[in-house]
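A short write-up of the structure that comes next.
The values are calculated or read from the model by the stated rules, or taken from the named source; none is laboratory data. No experiment lies behind these values; they were computed from the predicted model shown. Note that we place each Cβ from the backbone using ideal geometry, even for glycine, and neighbour counts take in every protein chain shown.
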């Protein structure tokens, strides 16, 4: 199967209904209201969306995908890009998990002190993607040691409707103690209790310790990506 440009969001969903990984990636990263176009092949998928700032974000997945015009693009790891036109930014991995097995577990402490959360992030995770006050945040979860906030993370609902982990951070003095793994497990119990059945997360490819922690919790790798920006 090959396709020309498809501008109907529902048609793309239908074409991907038996391709679980591509369907999950598309439904996570392509908000219907900002969807521009897609091309679906037997072994590949490309799509583009308009970002909030008016720029265009695209993804190119699988074997020899079409590279759609965009300002930023993420491709399946190993897809060759014209580096005279694009500059490589980072490699990252997309994971996800079903929450049903966590519903009876211990739930996370819900953190509401935004100043406390921001202090931990500023001191120990300045590159966090989500900060207190972000409208997408469902809740912040935390772990404490001797009353001090030692690990924190957010669950956010994207404009696609998908729920994702973000800004999982641990104080440098308490790393290596399994706090992030415990926190993520407890947050999954909390979000399961709210009726959310599936959660995803993105993580830098070189963050081996974080990926190991997520895999121990039960997260499954959906895909590995390289991100580029137009020169």
All but one of (1) over 19 Å from residue 29 (Cβ atoms); (2) in the same structural domain as residue 41 (by TED's automatic domain parsing) hold for residue 70; which doesn't? (1)
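Among the residues of the range 143-173, which ones are within 22 Å of residue 35 (Cβ to Cβ) and surrounded by fewer than 18 Cβ atoms within 10 Å (Cβ to Cβ)? Break it down stepwise before answering.
Quick first cut of the range 143-173, residues within 22 Å of residue 35 (Cβ to Cβ) only: 156-164.
Within the range 143-173, 157, 158, 159, 161 meet the criteria.
Restrict the check to the range 146-164 and report whether at least one residue is over 26 Å from residue 100 (Cα atoms) and in contact with a strand residue (DSSP E or B) (Cβ under 7 Å, 6 or more places away or on another chain).
Yes: the range 146-164 contains one or more residues that are over 26 Å from residue 100 (Cα atoms) and in contact with a strand residue (DSSP E or B) (Cβ under 7 Å, 6 or more places away or on another chain).
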Of the residues in the range 205-217, how many are closer than 14 Å to residue 90 by Cα, modelled with pLDDT under 95 and in contact with a strand residue (DSSP E or B) (Cβ under 6 Å, 6 or more places away or on another chain)? 0
The condition of being at pLDDT 95 or above, assigned to a strand (DSSP E or B) and either touching a helix residue (DSSP H, G or I) at 6+ places or on another chain (Cβ under 7 Å) or farther than 30 Å from residue 141 by Cα (or both) holds, among 67, 36, 110, only for 36
The conditions are (1) modelled with pLDDT of 95 or more; (2) in the same structural domain as residue 204 (by TED's automatic domain parsing), and residue 91 fails exactly one of them. Which is it? (2)
Among residues of the range 113-130, those that are outside any helix (DSSP H, G or I) and within 16 Å of residue 148 (Cβ to Cβ), counted: 2
Taking the range 70-94 and keeping only residues that are in contact with a helix residue (DSSP H, G or I) (Cβ under 9 Å, 6 or more places away or on another chain) and closer than 19 Å to residue 12 by Cα, one is left with 74
Please state which of the following conditions residue 87 fails to meet, knowing it meets all the rest: (1) in a strand (DSSP E or B); (2) touching a residue at least 40 places away in the same chain (Cβ under 8 Å); (3) surrounded by 13 or more Cβ atoms within 10 Å (Cβ to Cβ). (3)
Considering the range 174-207 alone, what residues qualify as being part of a loop (DSSP other than H, G, I, E, B) and on the phi < 0 side of the Ramachandran plot? 175, 177, 194, 196, 197, 205, 206, 207
